[in-house]
1. What full-extension length gain, to one decimal in nm, is calculated for residue 49 and residue 83 as 0.36 nm per residue of separation minus the Cα-Cα distance?
2. Quick one: 3J(HN,Hα) in Hz for region 86-97, Karplus 6.51/-1.76/1.60 with θ = phi - 60°, rounded, Gly and Pro as x.
3. Scaled to the compact-protein estimate 2.2 N^0.38 Å, what is the alpha-carbon radius of gyration of region 55-97, rounded to two decimal places?
4. Karplus couplings for region 28-39 from phi (6.51 cos²θ - 1.76 cosθ + 1.60, θ = phi - 60°), rounded to Hz, Gly and Pro as x?
5. For residue 46, enumerate residues with amide H under 5 Å from its amide H, sequence gap 5+ or separate chain, H modeled in the peptide plane.
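Every number in this text was worked out from the coordinates using simple rules, so none of it is lab data. Please read all numbers here as calculations on a predicted model, not as lab measurements.
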Amino acid sequence: MSTDRSSPSAPPARTRPYEEEEEDLWNGLHWKTRTLVARAAGRPFVWVDDEITGIDRSWVAVHHPGPALLHRVEPRRGLRHSDHAVLDAWLRRRAVA
């Protein structure tokens, strides 16, 4: 059996582990959103990214039954102390709930 990935019988290689729907692109949904919600499977999750928008927040609110924190980080600054404080507070509230 050949291990050559260019062989017609070889399955196509996945370039990224996220699903992407053409409709999502048109609607402005981030290409990670749908897959992150699917992987969370109703469990609480935190998503830290520099490209999160209100569209992603709205979509998650409708399609994810569990708690979720979508935290946007300023790309020029990276993670700051204030970002860590937000994440810490959210995680502590989850631990108490």
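1. Numbers: separation 34, 0.36 × 34 = 12.24 nm, distance 1.11 nm.
11.1 nm is the gain from fully extending residue 49 to residue 83.
2. Working through the residues one at a time gives 5, 5, 4, 4, 5, 5, 5, 4, 5, 5, 7, 5 Hz.
3. Values: Rg = 12.3 Å, N = 43, 2.2 N^0.38 = 9.2 Å.
Compactness ratio reported: 1.34.
4. Karplus values, whole Hz, x for Gly and Pro: x, 6, 4, 5, 8, 4, 4, 6, 4, 5, 4, 5.
5. Answer set, sorted by chain and number: 69.
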